[in-house]
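The values are calculated or read from the model by the stated rules, or taken from the named source; none is laboratory data. Here the structure is a predicted model, which means the values were calculated and not measured. As a convention, Cβ positions derive from the backbone with ideal geometry for all residues, glycine included, and neighbour counts pool all protein chains shown.
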């Protein structure tokens, strides 16, 4: 038989310990609560002395209210998550945005993102290794990325051999797609011959959540980004699977490989898997360079960003409005 404690929601049981390694409830806040509690014991015109036990109860209650508010607010607000350190000392500095990595007072690595980069849209980036190519030629470079708030990891650049054609003036330049599925702080770890070369932290802004427009290709109306990706679809109904024909435009090498469809709902950071299929190949159809049928279902109504990834690289995204199922 379950006890009363077992029947409590998980979030209540988790309040038994603080969710932060660094104290959220400071001495100043504690003093303020104590002062407020003491002030509350004074009635207009006369003073009424409260017992120490009652004062402790009032203080504990105020502390619990503040802690519940802090936990709820941190969990529900991605913006608050970016503001509040969630690990030990030095964590905030580790996640301070920086486009240049310096070692022993010398600049070693620089990142330059393309255009108005935003979550869900490939923008491209240059990674300038401030070392002459003669010292790096023949070695390999790999770039991985991790999202601070969710721990989501991805491969920004697969292991690539450094060659002489990457030389640029007196440094070495490598390019990548720079396509991130979520807004917020991302750390990019650059490895050369499997050893840490440096890291860059980027605060990626959110993209617009305006539903993607319709356009015509061939004889069909599609929703998406004209000239990049889109799909023919019936209305999207929450938790109702249906078939959707995706179309892609691009180079043959971009359109060859495994296709993965994921999605994230507005004001959340949880990426859900929607559909996977192996063997996407270029094949001209309905005016597109490649097309493939998929089955998709999104679990709840609202605005969703549906993202198409080909061979582990984000190809593009479509914003859709999912309707509530009719009773």
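Scanning the stretch 249-269 for residues that are surrounded by fewer than 18 Cβ atoms within 10 Å (Cβ to Cβ) and within 16 Å of residue 319 (Cα to Cα) yields 266, 267, 268, 269. Of all the criteria given as (1) surrounded by 15 or more Cβ atoms within 10 Å (Cβ to Cβ); (2) over 20 Å from the mean Cα position of the chain (by Cα); (3) at pLDDT 95 or above; (4) not in a strand (DSSP E or B), the one not satisfied by residue 246 is (4).
Criterion first (touching a strand residue (DSSP E or B) at 6+ places or on another chain (Cβ under 7 Å), crowded, with 19+ Cβ neighbours inside 10 Å and part of a strand (DSSP E or B)) does residue 309 satisfy it? Explain how you work it out, then say what you get.
On the way: touching a strand residue (DSSP E or B) at 6+ places or on another chain (Cβ under 7 Å): yes; crowded, with 19+ Cβ neighbours inside 10 Å: yes; part of a strand (DSSP E or B): yes.
Here the answer is yes, as residue 309 does meet what is asked.
Residues are listed down the side, and each one gets a yes or a no for (1) in contact (Cβ under 8 Å) with a residue 60 or more places away in the chain; (2) in contact with a strand residue (DSSP E or B) (Cβ under 6 Å, 6 or more places away or on another chain):
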position	(1), (2)
101	yes, yes
107	no, yes
124	no, no
130	no, yes
138	no, no
142	no, yes
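So how many residues does the stretch 312-327 have that are closer than 19 Å to residue 182 by Cα and either out of contact with any strand residue (DSSP E or B) (no Cβ under 9 Å at 6 or more places or on another chain) or in a strand (DSSP E or B) (or both)?
Step one: of the stretch 312-327, the residues closer than 19 Å to residue 182 by Cα are 312-321.
Subset that is either out of contact with any strand residue (DSSP E or B) (no Cβ under 9 Å at 6 or more places or on another chain) or in a strand (DSSP E or B) (or both): 313-321.
So the answer is 9.
Scanning the stretch 131-149 for residues that are within 30 Å of the chain's Cα centre (by Cα) and surrounded by fewer than 16 Cβ atoms within 10 Å (Cβ to Cβ) yields 140, 146. Is it the case that residue 278 is within 28 Å of residue 159 (Cβ to Cβ) and free of Cβ contacts under 8 Å to residues at least 24 places away in the same chain? The answer is yes for residue 278.
Would you mind stating whether residue 146 is outside the structural domain of residue 264 (by TED's automatic domain parsing), in a strand (DSSP E or B), under 30 Å from residue 301 (Cα atoms) and in contact (Cβ under 8 Å) with a residue 12 or more places away in the chain? Even if it seems obvious, please write down each step before you answer.
On the way: outside the structural domain of residue 264 (by TED's automatic domain parsing): yes; in a strand (DSSP E or B): yes; under 30 Å from residue 301 (Cα atoms): yes; in contact (Cβ under 8 Å) with a residue 12 or more places away in the chain: yes.
Taking the combined requirement at face value, the residue satisfies it.
For the stretch 270-290, the set of residues classified as at pLDDT below 95 and crowded, with 16+ Cβ neighbours inside 10 Å consists of 280, 282, listed by residue number. For the stretch 154-198, residues that are in contact with a strand residue (DSSP E or B) (Cβ under 9 Å, 6 or more places away or on another chain), more than 23 Å from residue 312 (Cα to Cα) and surrounded by fewer than 17 Cβ atoms within 10 Å (Cβ to Cβ) total 2.
Note on the stretch 215-242: residues that are surrounded by 12 or more Cβ atoms within 10 Å (Cβ to Cβ) and closer than 17 Å to residue 323 by Cβ amount to 9. Quick one: how many residues across the stretch 271-301 are in contact with a strand residue (DSSP E or B) (Cβ under 7 Å, 6 or more places away or on another chain) and either more than 24 Å from residue 151 (Cβ to Cβ) or not assigned by TED's automatic domain parsing to the domain that holds residue 248 (or both)? Going through the stretch 271-301 one residue at a time, the tally reaches 19.
Can you confirm whether the stretch 196-215 contains a residue that is farther than 22 Å from residue 154 by Cβ and part of a strand (DSSP E or B)? Yes, some residue in the stretch 196-215 is farther than 22 Å from residue 154 by Cβ and part of a strand (DSSP E or B).
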